[in-house]
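Structure record follows, encoded as structure tokens.
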């Protein structure tokens, strides 16, 4: 792999970071792109080759992608990890009045849901990853599976269960109620300078902030109409803080809903990630479809998919790091660094965008894209190239 250029590393790194989280299959794109470009790209970047150094490179980039996810979700992972260790303490020393191990909080529940949901893909990946790659890691197969991925996404939206639709409507209703309550209810003072607008817990921030908080996670304008901070702060910075706080509150509520899904449901949803071993099938896409098929709102299904992806992506990258540090990585450490930086930046920007996107929008555009890209790739590979 001594011929890996900085341009190849940069392009592959950026594609890896973006497409790993978008439901369009990063591995599928990284298999197809070199074949479509041809020339030295097709020779240098062949994922199906035995002991492929290119695979070690792109999977090694997973470490940067996982780090980006950890940075974005760090508060959530702190809560989840604390919940895990808290559950272990409960196992060693059960709470007073209990005779068996019982999970005591949503964070404890979610920690174990993630662990159980990750086990199936971890075991299958360790045993069959090489077989999947050598047999199916070719451009034609990647194009076919990309088409299949598009059909899965479209079917997932077209045939959503009523429970998933109702869950989504319930979330929207809670947030709409919060907006209406703020505009209707007279505010009353509460300790610390905050103002409580209703028994439901809608509170206004202290004077000068112009924002309110609500258990549903909505952040909107105060009755005066401004959603920005005091005059001494820039409107743009204040708006960004409000949006970020909204995301954090929404995340806590989403985790509480996810914690109620049950262990069996989590394992079923997590097992869908096994399909992503086929180049062209998106891990996040099939996990979201599985989540919606089990009754999750699209927003919650997306969040669970991102949380499940983090340990899987990190583990896959860590397992390949020794290859990059060994003979396969000779002469390309600079290229690996460039690819990793772009992969991390792409992943961070992608997850920020997608978390908000899936609150109100669907998988359909990604399904259409996969169909067009897959069919177009097949036509090019067999009729044009």
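Observations on the model:
- Computed from label points 7 Å out along Cα-Cβ, the spacing between residue 382 and residue 105 is 5.6 nm.
- If R0 is 41 Å, the Cβ-Cβ spacing of residue 84 and residue 40 corresponds to a FRET efficiency of close to 0.30.
- Between residue 127 and residue 165, the distance separating the two model label sites (each 7 Å from Cα on the Cα→Cβ line) works out to 3.9 nm.
- Compactness index (Cα Rg / 2.2 N^0.38 Å), the range 325-385: 1.70
Quick note: the coordinates plus some simple rules give every number you see, no bench work behind them. Source: prediction; values computed, not measured. Cβ coordinates were reconstructed from backbone atoms using ideal geometry, including for glycine residues, and neighbour counts include every protein chain displayed.
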